[in-house]
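The values are calculated or read from the model by the stated rules, or taken from the named source; none is laboratory data. Only a predicted model underlies this, so the values are computations on that prediction, with no experimental measurement involved. Cβ atoms come from the backbone with ideal geometry, glycine included; neighbour counts cover every protein chain shown. Note: areas computed on protein heavy atoms with side chains; ligands, DNA, RNA excluded. Shrake-Rupley method; radii C 1.70, N 1.55, O 1.52, S 1.80 Å.
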Amino acid sequence: GLGAFLAVATSLFALLISAYHMRMMEDDWTTLDLPRVLWLNTGVLVLASIAMQWTRVAARRGRLDGVKQGLLAGGIFTFGFLAGQLWAWQQLAASGHYTAANPAFN
């Protein structure tokens, strides 16, 4: 049931974190200076989640205008998030960090 699924998902997540931590201990690992836009992106993603929750509540209450507003806001924030991610990748590439050149990405 649900408990078994949660146990498997938790175990898998713990194993992935453990493998990532072990990989970080290798000599060829380099720490990246993450672009500051990622913090802004986190906020935009939270706003998209809030907008979608607003949409869900409006739909349950039968408020079509609230559903439309929530979907519009959620879509705008989602596209803002995607644009921010593209911007962050461009900043990483401009600073010389590529997926094939850094073990942190592999």
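Things worth noting here:
- Selection from the range 50-100 of residues that are touching a Ser or Thr at 6+ places or on another chain (Cβ under 8 Å) and outside any helix (DSSP H, G or I): none
- Matching option when the condition is modelled with pLDDT of 85 or more, open to solvent by less than 100 Å² (accessible area, probe 1.4 Å) and touching a Phe, Trp or Tyr at 6+ places or on another chain (Cβ under 6 Å), among 46, 57, 37, 67: 37
- Within the range 1-31, tally of residues that are open to solvent by 90 Å² or more (accessible area, probe 1.4 Å) and part of a loop (DSSP other than H, G, I, E, B): 5
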